[in-house]
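Structure, as structure tokens:
Here, each number is a calculation from the coordinates, and none is a lab measurement. No experiment lies behind these values; they were computed from the predicted model shown. In this analysis, Cβ positions are derived from the backbone assuming ideal geometry, glycine residues included, and neighbour counts consider all displayed protein chains.
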Amino acid sequence: MSKKPSKDKANGATATKTIALNKRARYEYHLEERYEAGLALQGWEVKAIRAGRANIIDGYAYVRSGEIFLIGAQITPLIQASSHTVPVERRDRKLLLHRREIDKVLSSVERDGYTLVPTALYWSNNKVKLEIALAKGKQNHDKRDAAKDRDWQRDKQRVMRRHNRDA
């Protein structure tokens, strides 16, 4: 007896599940264009990611000889990791993008002074995908303005809730 396809797959939608988010990237950078990239992983890394042992907060991407690599991202190996390979938590991992995307990113990074920052790691159809963004660093006053706006929005919601409750 075959399985019935789920409603999401019947409509052509892809199932995604977030593994790790880089919330600090939104705070420290102005994020502009976003790209979805595949990751070249080893077997033990996929198992560790399934167990939720990935961290991309300290990671960033750079271009080397026409290819893009993710460095600084940590994937902690499981205790029962394979015995015939030596797991390295913070090795350089190759990102898989189309050539024209690489060329576009390369020109933005070299000419315009952008940085490539990982923003999310997620599953897409049983494949690990990384969302990277072209970003420019924020100044301290930009960070303070963002915090002030966030506080104002929170206070405004609080006042509106209190007003609606009394009415």
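Taken over region 77-124, the residue count meeting the criterion of being of a type in the set (S, T, N, Q) and farther than 18 Å from Glu45 by Cβ is 4. The single condition among (1) at positive phi; (2) surrounded by 10 or more Cβ atoms within 10 Å (Cβ to Cβ); (3) of a type outside the set (A, V, I, L, M) that Lys138 does not satisfy is (1). Only a single criterion out of (1) in contact (Cβ under 8 Å) with a residue 24 or more places away in the chain; (2) over 17 Å from Asn22 (Cβ atoms) is not satisfied by Thr76, namely (2).
Considering only residues of region 31-84 that are within 30 Å of Asp142 (Cβ to Cβ) and among the hydroxyl-bearing types (Ser, Thr, Tyr), which is farthest from the chain's Cα centre (by Cα)? My answer is Tyr62. Could you list all residues from region 62-119 that are of a type in the set (A, V, I, L, M, F, W, C) and outside any strand (DSSP E or B)? Within region 62-119, Ala73, Leu78, Ile79, Ala81, Val86, Val88, Leu97, Ile102, Val105, Leu106, Val109 qualify.
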